[in-house]
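A quick write-up on the structure given underneath.
What follows draws every value from the coordinates through simple rules; no lab data is involved. Predicted model, so just to flag it, every value in this text is computed and none were measured. Neighbour counts run over all protein chains shown; Cβ positions are idealised from the backbone, glycine included.
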Amino acid sequence: MSQQQSKPRIVVINHRAANIHSVSKALELCGADVEVTGSAEALLNADGALLPGVGAADAAMRALGELNLIEPIREFALSGRPLMSVCLGMQLLFPDSDEGKLPGLGLIDGRVTRFDVDQSVGDGRILKVPHMGWNSVNFTAEDEDRHPVFRGIPDGSYFYFVHSFHCLPSNPADNAATTEYGGPVCAAVVKGELIATQFHPEKSADRGLQIYTNFVRHVADTAASRVV
Amino acid sequence: MLAHRIIPCLDIDRGRVVKGVSFVNLRDAGDPAEMARFYNEAGADELVFLDITASSDDRDTMVEVVRRVSSEVFIPLTVGGGIRSVEDVRRMLEAGADKVSMNTAAINRPELIREASAEFGAQCIVLAIDAKRVDTPGDVTPENRPDLVAESPWLVFTHGGRNPTAQDAVKWAQHGAELGAGEILITSMDTDGQKGGYDLELLRAISDTVSIPVIASGGAGNLDHMYDALYEGHSDAVLAASIFHFGEYSVAEAKQYLSDRGLPMRLPTTSE
C-alpha cells in the first residue's frame with residue numbers, strides 16, 4: 001500500500017488533559033490512524049501530532065516534564081512534521097505564561113496574558129472571563145495564502161472558545177487568525193508546520209471537523225512527500 | 001463577536017432520554033446520542049445532560065452515555081446530576097464531558113468547587129443555582145425564618161424549590177465564582193415550568209455581579225422570553241427544555257429570530 005492510501009499516523013500527546021477523548025475521536029472521524037500516548041518514541045515515529053490541553057499551564061508543563069516529552073516535542077517540531085496544538089496546547093508553545101511559573105516550550109516568540117477582568121463593555125455589563133462560547137474568526141491571509149489546514153474556511157466562521165488567558169505573538173506574521181473579545185484576540189498561530197488554534201475544533205461542529213479533516217490530509221501529504 | 005448560546009437540556013434516566021423530542025421522526029427519541037445529533041444538526045451551541053437517575057447503582061450508565069455521545073457529536077457537553085466528588089468530576093471529563101455542573105453538593109461542601117477547579121480548571125465547573133424569591137407571602141420571610149434572610153430578594157433552594165438554604169442567591173453566585181466556578185447556571189424556581197418568561201431581575205442581578213458567564217434557565221415560553229433573558233437579563237446563554245422538546249420552536253428558529261432582533265448568534269453555516 002502506498003502512503004497516500006494508508007491513513008496517516010497521528011499521535012495525540014497524552015499529558016492527561018481532559019479533552020483527549022474528543023480530540024482523538026474527532027481525528028479518527030476525519031480519517032487519521034490515532035494513537036493516544038505519552039511515549040516519546042511513538043511521537044517521534046508519527047506522521048503528525050496533536051498537542052491538546054485544557055486547564056492550567058503549569059500542570060500541563062509538569063506532566064510533559066514527568067513524561068520526558070518536552071525535548072521530544074521540540075525535536076518533532078524541528079523535524080518539519082505537522083504539529084497541531086489546541087487551546088492550552090497553543091499557549092504552551094510560547095516561552096512562558098502569566099498563568100504559571102514554569103517555562104513553556106518556547107517554539108513561538110511572544111507572551112501569554114490574562115484577559116482584563118472587570119472591563120466594562122457598556123450597559124452595565126462586564127467582560128466575562130473565561131471567554132466562553134462561539135466567536136467569529138477572521139484569518140489574516142487570503143484563502144490561497146493560508147496554511148493548508150485553514151484553507152476553505154470562510155472568514156467570519158464561528159468556533160468554540162473557552163479560555164482565560166490569550167496569546168500575544170511577538171511576530172505579527174505568526175498570527176494566523178483573530179477574534180474579538182474586549183479587543184482583538186489571537187485565535188490561531190502558524191509558524192512553519194506549527195499550527196495552533198485557541199479555539200477547540202473538536203467542539204466546533206462541522207467547521208471544526210473541517211479543520212481536522214484538512215489537518216489529517218495535510219499530514220498525509222507531507223508524509224507522502226517525505227517518502228518520495 | 002461572541003455569540004449568545006442556546007442550550008437544550010435533556011433529562012437522562014438510567015441512560016435514556018426522558019421527556020425528549022416528541023415531534024420529529026427519530027428512530028429512537030430515547031437514545032441520548034441520537035438526540036444529541038438531532039440538536040447538533042438543528043444548531044444547538046451546547047448540550048446539557050441532567051442525570052435524574054435515582055439509584056446510584058445506575059450512575060455508571062451515565063458515564064457510558066457521555067462516552068458514546070462525545071464520540072459522535074462535536075459540540076460542548078455539560079453533565080449535571082449526581083456529581084458529588086472530585087472523582088465524579090474526573091470520571092465525567094475523562095468520558096468526554098466538557099463541563100460538569102454541581103448544585104446541592106456544592107452547597108453542602110463549597111470546597112468541592114475549589115478542589116475540582118484547581119484539578120481540572122475553572123472552565124469545566126458550572127455552579128448550578130436554584131433560586132426563589134422570598135418576599136412573597138407564605139414563603140420564607142424575616143418573620144417566619146429570621147435565620148434565613150437574603151440580602152437580595154432571592155434565596156438558594158434545594159430539592160426542586162422545596163428546601164430553603166441560608167444562602168443569598170446573588171452572594172452564593174459571587175462566592176462560587178471566587179471559589180473557582182467558570183460559569184453560573186441560574187434557575188428561577190418561581191418561573192421554572194410556568195412558560196411566562198425568565199426572572200429578568202434575578203438574571204441581571206447575577207450577571208452584572210459575577211465576572212463569569214451566566215446561563216439563564218427556567219421560564220421560556222416563547223422566543224421573546226429568550227430575547228429578554230439575553231438582552232434585558234444580560235445573560236450570556238439560555239437553557240431551555242420543553243420549548244424545544246415539544247416542537248413549539250426549533251433551535252434554528254430561535255437563533256434566527258434572536259439574530260433578526262439584533263443579537264449576535266451563530267447561525268447555521270451555508271452548505272458547502
Residue hits (segment B:187-201; more than 14 Å from chain A (Cβ to nearest Cβ) and of a type outside the set (Lys, Arg)) are B:Thr187, B:Ser188, B:Met189, B:Asp190, B:Thr191, B:Asp192, B:Gly193, B:Gln194, B:Gly196, B:Gly197, B:Tyr198, B:Asp199
Looking at (1) crowded, with 18+ Cβ neighbours inside 10 Å; (2) more than 26 Å from A:Gly55 (Cβ to Cβ), find the lone condition where A:Gly192 falls short.
(1)
Right, A:Val23: within 14 Å of another protein chain (Cβ to nearest Cβ), of a type in the set (A, V, I, L, M), under 19 Å from A:Ile195 (Cβ atoms) and in a loop (DSSP other than H, G, I, E, B) or not?
no
Residues of segment A:200-213 being crowded, with 21+ Cβ neighbours inside 10 Å and either of a type in the set (Ser, Thr, Tyr) or more than 12 Å from chain B (Cβ to nearest Cβ) (or both), in sequence order, are A:Ser204, A:Tyr212
Regarding segment A:112-132, can at least one residue be identified that is closer than 19 Å to A:Thr213 by Cα and either away from chain B (no Cβ under 11 Å) or touching a residue at least 60 places away in the same chain (Cβ under 8 Å) (or both)?
no
Quick test for you: out of A:Val54, A:Val117, A:Val34, A:Val112, pick the one residue that is surrounded by fewer than 17 Cβ atoms within 10 Å (Cβ to Cβ), of a type in the set (A, V, I, L, M, F, W, C) and either outside any strand (DSSP E or B) or in contact with a Leu (Cβ under 9 Å, 6 or more places away or on another chain) (or both).
A:Val117
Quick one: would you say B:Thr104 is in contact (Cβ under 8 Å) with a residue 12 or more places away in the chain, in contact with a strand residue (DSSP E or B) (Cβ under 9 Å, 6 or more places away or on another chain), of a type outside the set (D, E, K, R) and surrounded by fewer than 19 Cβ atoms within 10 Å (Cβ to Cβ)?
yes
Considering segment B:112-164 alone, what residues qualify as being crowded, with 19+ Cβ neighbours inside 10 Å, in contact with a Ser or Thr (Cβ under 9 Å, 6 or more places away or on another chain), among the β-branched types (Val, Ile, Thr) and over 30 Å from A:His200 (Cβ atoms)?
B:Val134, B:Val156
When you scan segment A:48-56, do you find a residue that is under 19 Å from A:Ser170 (Cα atoms), touching a Pro at 6+ places or on another chain (Cβ under 6 Å) and not β-branched (Val, Ile, Thr), even just one?
no
Among what's in segment B:202-223 and is more than 13 Å from every other protein chain (Cβ to nearest Cβ) and of a type outside the set (A, V, I, L, M, F, W, C), pick the residue that is surrounded by the fewest Cβ atoms within 10 Å (Cβ to Cβ).
B:Asn222
Can you name the number of the only condition in (1) within 10 Å of B:Leu127 (Cα to Cα); (2) within 13 Å of another protein chain (Cβ to nearest Cβ); (3) assigned to a helix (DSSP H, G or I); (4) not acidic (Asp, Glu) that B:Gln174 fails?
(1)
Just name the residue that is farthest from B:Ala44 (Cα to Cα) out of those in segment A:133-171 that are assigned to a loop (DSSP other than H, G, I, E, B) and within 14 Å of another protein chain (Cβ to nearest Cβ).
A:Arg151
